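A.B. asks: Take a look at this one; I'll ask things after.
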Amino acid sequence: MSWIKITAVVSLSLWITAFAFIDTDKKVTTSAGNISFSDSLSGKQLAAQYCASCHLFPDPSLLDKNTWVTSVLPNMGLRLGIRESGTNPYDDLKPEEVKVMQELNIYPETALLSHAEWQKIVSYYQTEAPAEPLPQKTTAPVTDQLPLFKAQEITLGDKPFPQTTLLKFDKATSQFYVGDAQNALYVLDNQFQVKDTWWVESAPTDIDFPKNTAPRLLTIGVFKPSEQKTGRLMSLEKTASSSAINIKSLPRPVQFTSADINLDGKEDAVISGFGNHSGKLVWYDGFQSDKEHILKALPGARKAEISDFNRDKKPDIIALMAQAREEISIFYNLGNGKFKEKVLLRFPPAYGMSYFELVDFNKDGFQDILLTNGDNWDLSPILKNYHGVRIYLNDGKDNFKEAFFYPLYGASKAVARDFDQDGDLDIAATSFYSDLENPAHGFVYLSNEGKLNFKALATPEAANGKWLTMEVADFDQDGDIDIVLGSYFHTIVEMTKLIAHGVLSFPQILVLTNQKK
């Protein structure tokens, strides 16, 4: 599935909470070391020292002047203790949320720099940023016909407001699972007819189907940004059994995967707890809630995969961390439950990392990375020229270099399969986080013409939704790979924008049946 961050990507809170003390000589001790400030430092130097200690330095060109000055910088100021008269950063938050955020020191009561220093930072961005967002790279026009696929809209029940949070196909039973933000999980047959409905405690975000036992379902807890830890991984069964999985108190978990990580003969769980200002990437020995091992105690854990990268016969973990850090790392398995992290890719916070998958594009036997960046539900919801779909090739030593970029505003998910069965990998990609001029381009099919040259195609029916989730499989069991898109509207305003484009139909899912066979 794809996922939504729904919060400020320019967060400096991770850096702020690293402070140990601030002395009168303006020397700051952080987990990264000592940083000294002086009135002689320029705005750029101050910005680099305050921001780059947590995430990559955000260059002014990433956003336009107005977005920096009216939205992003004021929020950054709050996170540095700079408050304008009458400003309360906790407005509209529940008391329990305020308590946790105060404990995390998200908005410190004491300013961490002088007003003069802060004004230098503001002036630097105001001076150097472009007047308008920089344009996207010119690409060949998208062909608005998709003859390889036949589109079919599916509406579940009488819901007029699609909020699909999960799509997953169980190959063993040929059943299709559709999660809804209204705490529902629908079970469909491969003709997309509803066969069963589960009512669960919160929105479903992931599910898997182990052999000879009940499916394992992940629920998010609180859907909107929250510090509450009410997510859960559980067995999906009518009657509880002694072997049932029940891992509670998870921080807004969005994805999980499994393998025998410590090679003890039992399957373990790796859970991505996205959280909000706090979260974690964690694994549970034997799916037991009392055997938790934290890989990274930071918010933004979006997705993890398990693969033996260094070929030492121990399963390693690769994970995407969003929420300001914006990075992909491998956690090499050292044995005995120990791991060593190697950061593979890192991006500025406004890049909005949203999804990745491992795939061998050049058929050299090494896993490459296909990723999307375009999460735009934050303080800077403008069109960004660096949003899109990227391929990074592995040099065989787990060093990755960009080999392909397709500009796509608001890119949310991409998967690579040989859809047209010509021997190379095509890409199905969605754009969820942007109001596109042509809503039909919320789904783009990139046909591989050879040597990573792609032709972009779209289908008019894709205009009828905002595609948060996507699943690909041979649903009709005819030997080729089909695509299903799941629509999610967070507000009625989003539907109204599509109505203005002439859209009158809002299905929960759109089935694209492959016509190759």
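A.B. asks: Pairs only if they're at least six apart or on different chains, beta carbon under 8 angstrom, first in the stretch 454-466 and open to solvent by 30 Å² or more (accessible area, probe 1.4 Å), second in a helix (DSSP H, G or I); list them, first residue then second.
C.D. replies: Final answer for the pair search is Pro460/Ala440; Glu461/Ala440.
A.B. asks: Sort out which residues of the stretch 487-509 are surrounded by 14 or more Cβ atoms within 10 Å (Cβ to Cβ) and over 16 Å from Glu437 (Cβ atoms), and write them in order of number.
C.D. replies: Across the stretch 487-509, the qualifying residues are Ser487, Tyr488, Phe489, His490, Met495, Phe506, Pro507, Gln508, Ile509.
A.B. asks: I'd like the full set of residues that are under 30 Å from Leu379 (Cβ atoms) and acidic (Asp, Glu), limited to the stretch 207-262.
C.D. replies: Glu227
A.B. asks: Within the stretch 129-140, can you find the residues that are out of contact with any strand residue (DSSP E or B) (no Cβ under 8 Å at 6 or more places or on another chain) and either over 23 Å from Asn438 (Cβ atoms) or surrounded by fewer than 16 Cβ atoms within 10 Å (Cβ to Cβ) (or both)?
C.D. replies: Ala129, Pro130, Ala131, Glu132, Leu134, Pro135, Thr138
A.B. asks: Where in the stretch 437-517 are the strands (runs of 3 or more DSSP E), entirely inside, with at least 1 residues that are of a type in the set (Lys, Arg)?
C.D. replies: The strands (runs of 3 or more DSSP E) meeting that bar are 454-457.
A.B. asks: Any idea which of Thr239, Thr230 is in contact with a Ser or Thr (Cβ under 8 Å, 6 or more places away or on another chain), β-branched (Val, Ile, Thr) and either more than 30 Å from Leu393 (Cα to Cα) or free of Cβ contacts under 8 Å to residues at least 40 places away in the same chain (or both)?
C.D. replies: Sole residue among the options that is in contact with a Ser or Thr (Cβ under 8 Å, 6 or more places away or on another chain), β-branched (Val, Ile, Thr) and either more than 30 Å from Leu393 (Cα to Cα) or free of Cβ contacts under 8 Å to residues at least 40 places away in the same chain (or both): Thr230.
A.B. asks: Here's another thing I want to ask about it. What's the total number of residues in the stretch 122-168 that are of a type in the set (D, E, K, R) and not in a loop (DSSP other than H, G, I, E, B)?
C.D. replies: 4
A.B. asks: Out of Asp420, Asp378, Asp426, Asp368, I need the residue that is touching a Ser or Thr at 6+ places or on another chain (Cβ under 7 Å) and open to solvent by less than 20 Å² (accessible area, probe 1.4 Å). Which one?
C.D. replies: From the options Asp420, Asp378, Asp426, Asp368, the qualifying one is Asp426.
A.B. asks: Checking Arg302 against (1) touching a residue at least 60 places away in the same chain (Cβ under 8 Å); (2) crowded, with 20+ Cβ neighbours inside 10 Å; (3) farther than 21 Å from Leu166 by Cβ, only one condition comes out false. Which one?
C.D. replies: Result: Arg302 fails condition (3) only.
A.B. asks: While we're here: Which residues, taken from the stretch 68-88, are open to solvent by 10 Å² or more (accessible area, probe 1.4 Å) and β-branched (Val, Ile, Thr)?
C.D. replies: Val69, Thr70, Ile82, Thr87
A.B. asks: With respect to Leu512, determine if the residue is more than 25 Å from Asp206 (Cα to Cα) and either buried (at least 16 other Cβ atoms within 10 Å of the Cβ) or touching a Cys at 6+ places or on another chain (Cβ under 8 Å) (or both).
C.D. replies: no
A.B. asks: Select from the stretch 363-385 the residues that are in contact with a strand residue (DSSP E or B) (Cβ under 6 Å, 6 or more places away or on another chain) and of a type in the set (S, T, N, Q) and write down the one among them that is farthest from Ala428 (Cα to Cα).
C.D. replies: The extreme case among them is Gln367.
A.B. asks: Pairs needed: first member in the stretch 472-498, in contact (Cβ under 8 Å) with a residue 60 or more places away in the chain and over 19 Å from Leu188 (Cα atoms); second member anywhere, open to solvent by less than 10 Å² (accessible area, probe 1.4 Å) and of a type in the set (S, T, N, Q); C-beta distance under 7 Å; at least 6 residues apart or different chains.
C.D. replies: Asp480/Asn514
A.B. asks: Also, I was wondering about something else. Would you point out which residue out of Lys401, Lys338 is out of contact with any Leu (no Cβ under 9 Å at 6 or more places or on another chain) and open to solvent by 50 Å² or more (accessible area, probe 1.4 Å)?
C.D. replies: Answer to the check: Lys338.
The values are calculated or read from the model by the stated rules, or taken from the named source; none is laboratory data. As the structure is a prediction and not an experimental result, all values here were calculated from the model. Note that we place each Cβ from the backbone using ideal geometry, even for glycine, and neighbour counts take in every protein chain shown. Side chains are part of the model used for accessible areas, which takes the heavy atoms of the whole protein and leaves out ligands, DNA and RNA. Shrake-Rupley method; radii C 1.70, N 1.55, O 1.52, S 1.80 Å.
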